[in-house]
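Worksheet: one structure, shown below.
The values are calculated or read from the model by the stated rules, or taken from the named source; none is laboratory data. Worth saying up front: this structure is predicted, and the values here are computed from it rather than measured. Cβ: placed from backbone, ideal geometry, glycine included. Neighbour counts: every protein chain shown.
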Amino acid sequence: MSKRYLVTGGTGFLGSALVRRLVRAGHRVRVLDDGSRGRPARLAEAEKAVEFVDADIRDADAVCRATKGVDAVWHLAFINGTEFFYSKPDAVLEVGVKGIVNVIEACRACGVDELFLASSSEVYQNPAVVPTDERAPLIIPDPMNPRYSYAGGKIISELMAINYGRKYFSRVVIFRPHNVYGPDMGWEHVIPQFVLRLKELLPQKQDPLPFPIQGTGKETRAFVYIDDFTDGLMLLKDKGQHLQIYHIGTSEEIPIETVAREVAKYFKRDIAIVAGKTADGSTPRRCPDISKMKSLGYAPKVPLLEGLAVTARWYDQHTDAKPQD
């Protein structure tokens, strides 16, 4: 059955992928975004099927107007990118907290009782158990560290959605993306940064090529390709349960140095990792337990090496599109 959805942050990497999938599935989509982080060009293939609302998620009246007439809201508007957690923590929190308040109030005012909320793996920081399931405690290890502005905003968003959801919504579903990657994912993340760094170093003749990174390279993550991630979102749309949280990712835990070496292989170079300082508050290991998603039928299909090659190629071919500092 066709529905009408509002997607906040719909020109971002995750939001635009979701919009394209919803349109392909025959749904009508309205996108609210101010373009500060996203790119409308990501929706070029779906442009004729999408209604755009150019507005800031912090503008309560605009959010309310955008919510009128929809069946459900997907709330993804947030300031992502680790460098912004440190440089703009006040803005990260303002967008996060005002955003979820405005979305909930708009849903109540417009009679929308279905909400899908994008959270983050950052909410549980350094878990005691890896792979980590949805029951891990949510913590802010150090409120003086600006990095946790992002985690704090996401924790508040989860609490707001759950506790207002008990009374005012028939369905609230929370999903936590875990290191989603793919072409056009933005420029502030580890994979595109590795591609740019390698391109800068290629003129050097050393073999292996010295390659500086943050940390030792032994730190681990579990990366999920964007198409597998949106497969997960479609399952949640159809099967996600009220007041439940779902980890979307893969169970393949990979050292960061392996990611760097695989990106280097795209450029046909061998590298020697040069360890550097780890960012304050960085997590040494992160890998989700995706059993809960698997129970809905979730099965990631794209191997990391295949997805990395596709992603590295895109960034190699689009280096000129990087915004100037």
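A residue that is among the small types (Gly, Ala, Ser) and more than 23 Å from residue 223 (Cβ to Cβ) occurs somewhere in the range 134-151. Just a yes or no: is a residue in the range 153-161 closer than 20 Å to residue 83 by Cβ, buried (at least 22 other Cβ atoms within 10 Å of the Cβ) and either out of contact with any strand residue (DSSP E or B) (no Cβ under 8 Å at 6 or more places or on another chain) or not assigned by TED's automatic domain parsing to the domain that holds residue 97 (or both)? Yes: the range 153-161 contains one or more residues that are closer than 20 Å to residue 83 by Cβ, buried (at least 22 other Cβ atoms within 10 Å of the Cβ) and either out of contact with any strand residue (DSSP E or B) (no Cβ under 8 Å at 6 or more places or on another chain) or not assigned by TED's automatic domain parsing to the domain that holds residue 97 (or both). Considering only residues in the range 32-42 that are within 22 Å of residue 181 (Cβ to Cβ) and buried (at least 21 other Cβ atoms within 10 Å of the Cβ), the one that is modelled with the lowest pLDDT turns out to be 38. Looking at 128, 91, 136, just one residue is more than 19 Å from residue 168 (Cα to Cα), surrounded by 18 or more Cβ atoms within 10 Å (Cβ to Cβ), out of contact with any Cys (no Cβ under 9 Å at 6 or more places or on another chain) and of a type in the set (Gly, Ala, Ser), and that residue is 136.
When residues in the range 43-58 are screened for being buried (at least 16 other Cβ atoms within 10 Å of the Cβ) and over 10 Å from residue 6 (Cβ atoms), 9 of them pass.
Summed over the range 61-79, the residues that are in contact with a Lys or Arg (Cβ under 8 Å, 6 or more places away or on another chain) and small (Gly, Ala, Ser) give a count of 3. Checking 214, 241 one by one, the residue that is in contact (Cβ under 8 Å) with a residue 60 or more places away in the chain, under 26 Å from residue 12 (Cα atoms) and not assigned by TED's automatic domain parsing to the domain that holds residue 115 is 214 and no other.
Quick one: in the range 101-111, of everything that is among the hydrophobic types (A, V, I, L, M, F, W, C) and free of Cβ contacts under 8 Å to residues at least 60 places away in the same chain, which residue is surrounded by the most Cβ atoms within 10 Å (Cβ to Cβ)? The qualifying residue surrounded by the most Cβ atoms within 10 Å (Cβ to Cβ) is 106. Put simply, of 171, 197, 221 the only residue that is over 20 Å from residue 276 (Cα atoms), of a type in the set (Lys, Arg) and modelled with pLDDT of 95 or more is 171.
Confirm whether residue 228 is touching a His at 6+ places or on another chain (Cβ under 9 Å) and either touching a residue at least 60 places away in the same chain (Cβ under 8 Å) or in the same structural domain as residue 12 (by TED's automatic domain parsing) (or both).
no
Looking at the range 35-75 only, could you name the residues that are within 22 Å of residue 321 (Cβ to Cβ) and under 20 Å from the mean Cα position of the chain (by Cα)? Selection gives 35, 36, 37, 38, 39, 40, 41, 42, 43. Of all residues in the range 244-253, those that are surrounded by fewer than 19 Cβ atoms within 10 Å (Cβ to Cβ) and either closer than 17 Å to residue 135 by Cβ or free of Cβ contacts under 8 Å to residues at least 60 places away in the same chain (or both) total 3. Residue 63 meets all of the listed conditions (1) over 23 Å from residue 185 (Cα atoms); (2) surrounded by fewer than 18 Cβ atoms within 10 Å (Cβ to Cβ) but one, namely (2).
So for the range 189-199 (the condition being buried (at least 20 other Cβ atoms within 10 Å of the Cβ), in a strand (DSSP E or B) and either in contact with a helix residue (DSSP H, G or I) (Cβ under 8 Å, 6 or more places away or on another chain) or not small (Gly, Ala, Ser) (or both)), does at least one residue qualify? No, every residue in the range 189-199 fails to be buried (at least 20 other Cβ atoms within 10 Å of the Cβ), in a strand (DSSP E or B) and either in contact with a helix residue (DSSP H, G or I) (Cβ under 8 Å, 6 or more places away or on another chain) or not small (Gly, Ala, Ser) (or both). Within the range 116-170, take every residue that is free of Cβ contacts under 8 Å to residues at least 24 places away in the same chain and in a helix (DSSP H, G or I) and give me the one that is farthest from residue 100 (Cα to Cα). So the residue we want is 124.
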